[in-house]
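The values are calculated or read from the model by the stated rules, or taken from the named source; none is laboratory data. In this text the structure is predicted, and so the values were computed from the model without any measurement. Cβ placement follows ideal geometry from the backbone for every residue including glycine, while neighbour counts extend to all protein chains displayed. Heavy atoms of the whole protein, side chains included, go into the accessibility calculation; ligands, DNA and RNA do not. Shrake-Rupley method; radii C 1.70, N 1.55, O 1.52, S 1.80 Å.
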Amino acid sequence: MKTIMIANQKGGVGKTTTAAALGLGLNKRGFRVLLVDTDPQGNLSSSLGIDPDSACGLFELLNGDNGIKDCICSSFAGDVIPCSIMLADADRRLTQPYAYSILDEKLGDICNDYDYCIIDAPPSLGILSMNGFSTAQYLIVPVNASAFSLQGLSSLFSIISAVREKGKHEIKILGILITRFNSKTRLSKEVLAVLENTAHQAGTRVFDAKIRQGVSIEMAQARREDLYEFRSGSKPADDYSRFTEEVLELIS
Ligand SMILES: Nc1ncnc2c1ncn2[C@@H]1O[C@H](COP(=O)(O)OP(=O)(O)OP(=O)(O)O)[C@@H](O)[C@H]1O
Ligand SMILES: [Mg+2]
């Protein structure tokens, strides 16, 4: 099982949208996919039709209340370890030594059942994102094509360096993914140039696929439907399809 975390502590940059679209894209190509919702907001779980308030999910898994198989639901994008209501209190409750590496240990039990595990990170750096960093082999960093897109990237990259030094596994930054891209605006072009430079310095790349803005994203999420079928041929669906292919070329 290859584990890919979608992370950026900046909020609203397209992490959840990317996690769902990549998971679904891989699922449609015949891969066995497990999605993990580590964000107490539960947006990934909701967009896949799972109610975070009633689910037995990530908190119960990390807290040792339930075995991993009891914490997995199925969805149209593949299997999911959903957000559950107690996740909001995880930073206060999961304080034991090595609490940051529980997810890694638990995923070890099912690593032969899936080809890809996609982790949606919260917009914060606490025990939940640390559990993601401690197990992920690959990191994808979505950024909005906005003037503030660089904010937080350097601290994210320093955390990755610290994880690399302390952790028992290598974590590779697979690339920066530009979301809400509009190739016609000067701002998008300028942001792209700066991000390419930043990516180069961090030893990674900006993905060739850029995700254009489109209303179909929010509409599919609100209706809890498959983006690729909801409006097939929409700009974001085409872009996420190209992005999925690019990810496969890089890591398969
Ligand atoms: N390409 C796009 N075109 C239009 N809207 C988009 C696009 N990508 C994401 N959105 C919308 O932008 C909002 C933020 O996206 P998303 O929830 O994926 O970001 P996030 O980084 O996970 O946010 P958070 O930090 O709160 O977890 C959502 O309402 C989503 O529907
Ligand atoms: Mg999110």
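For this structure, a couple of remarks:
- Residue tally, condition surrounded by 18 or more Cβ atoms within 10 Å (Cβ to Cβ) and away from ligand 2 (no atom under 15 Å from the Cβ), over the stretch 140-155: 3
- Only listed residue being over 18 Å from the mean Cα position of the chain (by Cα) and among the aliphatic types (A, V, I, L, M), chosen from Ala202, Ala237, Ala209: Ala202
- Within the stretch 102-118, the only residue that satisfies the criterion of being part of a loop (DSSP other than H, G, I, E, B) and open to solvent by 100 Å² or more (accessible area, probe 1.4 Å) is Asn112.
- Some residue of the stretch 139-147 being among the hydrophobic types (A, V, I, L, M, F, W, C), farther than 13 Å from Thr204 by Cα and either modelled with pLDDT under 90 or in contact with a helix residue (DSSP H, G or I) (Cβ under 6 Å, 6 or more places away or on another chain) (or both): yes
- Residues that are assigned to a loop (DSSP other than H, G, I, E, B), small (Gly, Ala, Ser) and surrounded by 16 or more Cβ atoms within 10 Å (Cβ to Cβ) within the stretch 200-246 comprise Ala202, Ala209, Gly214, Ser234, listed in sequence order.
- The residue that is farthest from Lys172 (Cα to Cα), counting only those in the stretch 1-36 that are within 12 Å of the chain's Cα centre (by Cα) and more than 16 Å from ligand 1 (Cβ to nearest atom), is Leu34.
- Members of the stretch 118-174 found to be within 18 Å of Ile211 (Cα to Cα) and more than 16 Å from ligand 1 (Cβ to nearest atom), listed by number: Ala147, Leu174
- For the stretch 162-184, residues that are of a type in the set (Ser, Thr, Tyr) and at pLDDT 85 or above total 1.
- Filtered residues of the stretch 194-235 (kept if within 16 Å of ligand 2 (Cβ to nearest atom) and touching a strand residue (DSSP E or B) at 6+ places or on another chain (Cβ under 7 Å)): Ile211
- When residues in the stretch 158-194 are screened for being in a loop (DSSP other than H, G, I, E, B) and either open to solvent by 20 Å² or more (accessible area, probe 1.4 Å) or out of contact with any helix residue (DSSP H, G or I) (no Cβ under 6 Å at 6 or more places or on another chain) (or both), 9 of them pass.
- The test for being on the phi < 0 side of the Ramachandran plot, more than 17 Å from the chain's Cα centre (by Cα), assigned to a helix (DSSP H, G or I) and free of Cβ contacts under 8 Å to residues at least 60 places away in the same chain does not hold for Ser155.
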